[in-house]
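What follows is a short report on a single structure.
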Amino acid sequence: MKVTEYFEKAKGRTLVSFEVLPPLKGGSMKAIFDTLDPLMEFKPPFIDVTYHREEFVYNMRPSGYYEKTAIRKRPGTVGICAAIMHRYGVDAVPHLICGGFTREDTENALIDLNFLNINNVLALRGDARKFEGKFIPEEGGHEYALELVRQIADMNRGKYLDDNIENGEKTDFCIGIAGYPEKHFEAPNMETDLAHTKAKIAAGANYIVTQMFFNTQAYFDYVDLCRKEGIDVPIVPGLKPITKAYQLSSIPRNFFVDIPTELVREMSAAKTDAAKKQVGVEWCIAQSKALKAAGVPCIHYYMMGDAESARKIAEAIF
Ligand code: FAD
């Protein structure tokens, strides 16, 4: 079933969803199942699986020169989606990025997903590779998520890259996109960022999942702005509990989001690692309660390897 159909069927009830990362290469599916098994009692209708572009690593050769190699550290997104659907009977939402894909690669990936009966996809641009400073698309690939959305929407109309294909099967993908309550860090201002988001909706995107935020009001303000701009699709808040002291600086550095002073103060005042984790979990529970009370369609939890905290939060809310 499509993500948006779940929202319609829920008739105002707030759903829960989780997001998992493929294990590092060499890891096993067991890690994913161990993470998800204890969360299935909360009945998430769908689980997101992130996609990771290859990274460059530099290894020193005996000669002293560095050798540059491209490695995909977390492969397996599509396989994990299929395994999740098979094991739990829930839908899986693979993330699909522009980075590292030509248009042809994208088309082939979508054909694989369609054949696997995976008909939800979160369409993203992806970030710049380490050491590259800015996002560089693959030659013959997409520069912005908008173009990816257009390609998926074309396939939904039976239009493939090869013009000679007549009567191509129409895929039926429900397309999610990313939204940024605190603005995407590259956008000159919120207005411009929202105009790009609006273009993705006009191109065929069906719903938005937000970047994590720690000030719940930022989400409500973002939804208001979107509605004023005529963006009327469901906007799913994405939440992540801060559970470790170092995340007070790593999260703003990596995700370009603010952490409210009160949360910083409480985390800093907590004496032990366990106490800090408790502060972060309680903050996320309070955010979840406010969002649920406001009737959001779904709360999406970024677990980033910490299923235990996700479980505590889900227990308190769902
Ligand atoms: P875009 O929509 O392309 O926007 C990127 C920037 O370009 C924005 O500043 C936008 O305003 C601007 N822009 C957009 N269109 C245009 C245009 N036509 N002309 C000029 N400027 C334009 N990354 C991964 O690698 N893998 C994942 O699995 C993943 N999952 C994510 C899930 C969620 C819910 C979120 C919020 C992010 C995720 N990301 C993931 C990170 C995402 O790839 C980055 O945030 C990336 O920098 C931007 O992606 P986007 O799809 O928003 O890009």
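The values are calculated or read from the model by the stated rules, or taken from the named source; none is laboratory data. Here the structure is a predicted model, which is why all the values come from computation and not from measurement. When we count neighbours, we look across all protein chains shown, and the Cβ atoms used for this are built from the backbone with ideal geometry, even at glycine. Surface areas here come from the heavy atoms of the whole protein model, side chains and all, with no ligands, DNA or RNA. Shrake-Rupley method; radii C 1.70, N 1.55, O 1.52, S 1.80 Å.
For the reader, a short list of remarks on this structure follows.
- Extreme residue, least open to solvent (accessible area, probe 1.4 Å), among residues of region 142-156 that are away from the ligand (no atom under 12 Å from the Cβ) and more than 16 Å from His95 (Cα to Cα): Met155
- Any hit, region 58-77, residues being of a type outside the set (Lys, Arg), within 23 Å of Ala178 (Cβ to Cβ) and in contact with a strand residue (DSSP E or B) (Cβ under 6 Å, 6 or more places away or on another chain): yes
- Filtering region 252-276 to residues that are within 13 Å of the ligand (Cβ to nearest atom) and surrounded by 14 or more Cβ atoms within 10 Å (Cβ to Cβ) leaves Phe255, Phe256, Val257.
- The number of residues in region 121-132 being open to solvent by less than 80 Å² (accessible area, probe 1.4 Å) and over 20 Å from the mean Cα position of the chain (by Cα) comes to 1.
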